[in-house]
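Everything below concerns the one structure shown next.
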Amino acid sequence: MPGRESTSNAAPSTSMLNEPAAVVTEPGPRLISDEGPPRGNRVRRLLRENPRRTIAALVVALAILLGIGYFIRSAYLYEDTDDAQIDGYVKPLSARITGHVLEVKVIEGQSVHAGDILVVIDPKDYEVSVAQSRANLADAQANAASSRFNVPITAATARSNLDSSSAAVINAEAGVRAAQQDFQAAQANVAQAEANVAKSAADLIRYQRLVAKEDISRQQYDQAVAAAKADQATLVANVATAESKKQALVQAQGKLTQARADLQSAKTAPQQVSNVRAKADSATAQVLARKAELDQAELNLSYTILRSPVNGIVGKRSAEAGQNVSVGQQLISVVPLDDVFVTANFKETQLAHMHPGQPVTIKIDAYGRKWNGHVTNTGGGTGSIFSVLPPENATGNYVKVVQRVPVRIDFDRTPGQNFNSQGLLKPGLSVEPVVRVR
């Protein structure tokens with residue numbers, strides 16, 4: 001029918017051009033293009049379809065990325081270990097004298113300050129020793145003073161003796177010379193008297209002959225006899241005088257010998273003065289010895305009171321009142337609070353970039369708090385080297401094991417403030433140090 005054909009072939013109307021053409025879909029598998037929808041469109045579509053689940057997934061992914069980044073950063077910048085603890089130098093206080101414990105003023109766990117009295121030992125015996133030492137010192141000081149005074153006295157006396165002995169020798173020598181002269185004169189008188197006796201004897205013999213012949217008178221003979229007797233008496237007197245002079249000479253010579261001996265003795269004046277001075281020095285040394293004994297006695301008396309050397313906490317108490325203690329016996333232990341540090345046993349593979357001075361963050365397991373510190377030094381060897389039975393690798397049974405090296409970490413201290421005043425840091429507490437190595 002030409003009418004219909006003309007109608008179908010006619011140009012479409014404006015309304016038909018404005019309407020979208022219908023899409024005919026057929027059942028079957030849906031084809032997806034290789035490119036697919038843009039990623040931004042996909043995310044937006046997912047947000048529109050299920051926003052909560054999509055946001056949660058994004059947050060989880062971001063958290064995972066941040067965790068991986070933090071782990072990588074921490075592994076690169078920091079080294080840590082849980083094989084660490086607080087260390088300190090425990091002060092074991094022992095008795096320095098033998099005695100009887102009177103009182104123990106502290107208990108275990110009590111906080112003490114430097115100088116606090118911990119244990120009191122009976123001081124009576126040592127007080128007596130101090131009093132005796134003081135008396136001995138006073139006696140030695142008196143002897144020393146007397147000896148010092150004797151030095152100038154002895155020097156003056158010795159000098160005077162030397163002068164008088166020299167004069168006595170001179171006088172004795174003069175006496176000997178005078179006695180010798182008297183003796184010689186007496187001997188001359190004896191010789192003269194002997195000559196007179198001989199002459200008188202010869203005259204008497206002649207007079208005897210003459211009187212017998214009556215050539216002379218009896219009176220002349222009697223005079224000759226009397227003259228002979230007088231000469232004989234004079235001889236006897238002169239001999240006696242000579243003997244007396246001889247004895248006087250012997251006495252004068254004895255006095256000279258004695259004077260010379262006294263002079264020799266007086267010449268030892270320097271030695272005598274030196275001897276007295278040596279005795280004075282010995283007395284002075286004795287004073288020093290007595291003073292040392294007094295110092296030792298006072299020191300022993302001070303040992304009767306045992307004081308805390310540091311600020312700390314009483315660790316172990318083994319002393320009891322009424323106990324007899326001896327020298328070197330441990331009585332009490334004090335744990336210092338301001339002299340603590342951390343010993344961290346790091347693996348040997350963690351030490352490549354670790355050196356003194358690096359900052360450290362220290363977490364104390366007991367409190368959950370953190371303290372700041374710094375690396376002080378690295379140990380001289382691994383822990384196994386300093387063990388009681390160090391490993392012997394020369395046996396052939398060697399198994400390589402990662403070793404640990406002790407590293408000392410000191411706490412940072414604020415100037416002007418008392419460190420660890422609350423006593424939180426105690427030796428033996430477990431810690432976790434984190435060292436920034438880069």
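Quick note: the coordinates plus some simple rules give every number you see, no bench work behind them. Since the structure is predicted, the reported quantities are computational estimates derived from the model, not experimental observations. FYI the Cβ positions are ideal-geometry reconstructions off the backbone, even for glycines, and counts take in every protein chain you see.
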P(r) over all Cα-Cα pairs of the stretch 324-411, 5 Å bins from 0 to the longest distance, whole percent per bin, short to long, reads 3, 10, 15, 17, 14, 13, 10, 8, 7, 3, 1, 0
FRET efficiency, HIS100 to ALA135 (Cβ-Cβ, R0 35 Å, nearest 0.05): 0.90
Under 15 Å by backbone N from the virtual spin label 7 Å along Cα-to-Cβ at PHE386, the residues of the stretch 411-428 are 428
Distant-in-sequence amide H partners of ILE97 (H built 1.01 Å from N, under 5 Å): GLY328
So which aspartates and glutamates can LYS246 reach, going by Cα to Cα under 13 Å and dropping same-chain residues fewer than 8 places off? ASP182
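Let me check I've understood the local charge: for LEU263, count other residues with C-beta under 12 angstrom from its C-beta, Lys and Arg +1, Asp and Glu -1. What total comes out? Each step should come with its number before you reach the end.
Numbers: positive: ARG260, LYS267; negative: ASP163, GLU173, ASP262.
Around LEU263, the charge tally is -1.
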For the stretch 126-268, report the translational diffusion coefficient in µm²/s to the nearest whole number, using Stokes-Einstein at 37 °C, 0.692 mPa s, and a Kirkwood Rh over Cα pairs. 154
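For GLU108 and SER244, calculate 0.36 nm times their separation in residues minus their Cα-Cα distance, and state this gained length in nm to one decimal.
38.4 nm
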What is the distance in Å between the Cα centres of the stretch 270-321 and the stretch 362-378? 46
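Take the Cβ-Cβ distance between ASP365 and ASP295 as r, set R0 to 45 Å, and report the resulting FRET efficiency rounded to the nearest 0.05. Please report the intermediate quantities before stating the final value.
On the way: r = 51 Å, r/R0 = 1.12.
With R0 = 45 Å, the Cβ-Cβ based efficiency is 0.35.
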Counting only the backbone N, which residues of the stretch 406-438 are under 20 Å from the spot 7 Å out from the Cα of HIS355 toward its beta-carbon? 406-410, 434-438
Rounded to whole Hz and in sequence order, give me ³J(HN,Hα) for the stretch 220-227 from the Karplus expression 6.51 cos²θ - 1.76 cosθ + 1.60, θ = phi - 60°, writing x for Gly and Pro. 5, 5, 4, 5, 5, 5, 5, 5
Got a sec to turn the phi values of the stretch 297-306 into Karplus ³J(HN,Hα) couplings, 6.51 cos²θ - 1.76 cosθ + 1.60 with θ = phi - 60°, whole Hz, x for Gly and Pro? 5, 5, 5, 4, 5, 5, 6, 5, 10, 9
Amide H of GLN358 versus every other amide H placed in the peptide plane: which residues, excluding those fewer than 5 positions away on the same chain, fall under 5 Å? VAL375
Tabulate in residue order the Karplus-calculated ³J(HN,Hα) for the stretch 54-60, using 6.51 cos²θ - 1.76 cosθ + 1.60 with θ = phi - 60°, rounded to whole Hz; enter x for Gly and Pro. 5, 5, 4, 5, 5, 4, 4
Amide H within-cut-off set for ILE305, under 5 Å, with H built and near neighbours excluded: ILE121
Along the positive direction of the dipole of the chain (beta-carbon charges: Lys, Arg +1; Asp, Glu -1; about the Cα centre), which of PRO391, ASN150, GLY328 reaches farthest? PRO391
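Which pairs in the list LYS363/LYS426; LYS199/LYS229; LYS91/LYS124; LYS370/LYS426; LYS347/LYS370; LYS124/LYS316 are over 18 Å apart, alpha-carbon to alpha-carbon?
Values: LYS363/LYS426 13 Å; LYS199/LYS229 12 Å; LYS91/LYS124 28 Å; LYS370/LYS426 14 Å; LYS347/LYS370 22 Å; LYS124/LYS316 28 Å.
From LYS363/LYS426; LYS199/LYS229; LYS91/LYS124; LYS370/LYS426; LYS347/LYS370; LYS124/LYS316, over 18 Å: LYS91/LYS124; LYS347/LYS370; LYS124/LYS316.
Around ARG134, with a cut-off of 12 angstrom between Cβ atoms, what is the net charge of the other residues, counting Lys and Arg +1 and Asp and Glu -1?
Numbers: positive: ARG290, LYS291; negative: GLU127, ASP139, GLU293, ASP295, GLU298.
Surrounding charge for ARG134 is -3.
What do you get for Rg/Rh over the chain if you use C-alpha atoms and the Kirkwood form of Rh?
Working: Rg = 64.7 Å, Rh = 37.9 Å.
Taking Rg over the Kirkwood Rh, I get 1.71.
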Relative contact order %, the stretch 126-287, counting alpha carbon pairs below 8 Å whose residues are six or more apart: 49
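Please tell me the relative contact order of the chain in percent, rounded to the nearest whole number, where contacts are Cα pairs under 8 Å and at least six residues apart. Don't jump to the answer; show the numbers that get you there.
Details: 597 pairs, mean separation 128.6, N = 438.
Once normalised by length, the contact order is 29 percent.
Could you compute the FRET efficiency for ALA167 and GLN330, with r as their C-beta to C-beta distance and R0 at 56 Å, rounded to 0.05? Spell out each step's value before the answer.
Details: r = 77 Å, r/R0 = 1.38.
So, using R0 = 56 Å, E works out to roughly 0.15.
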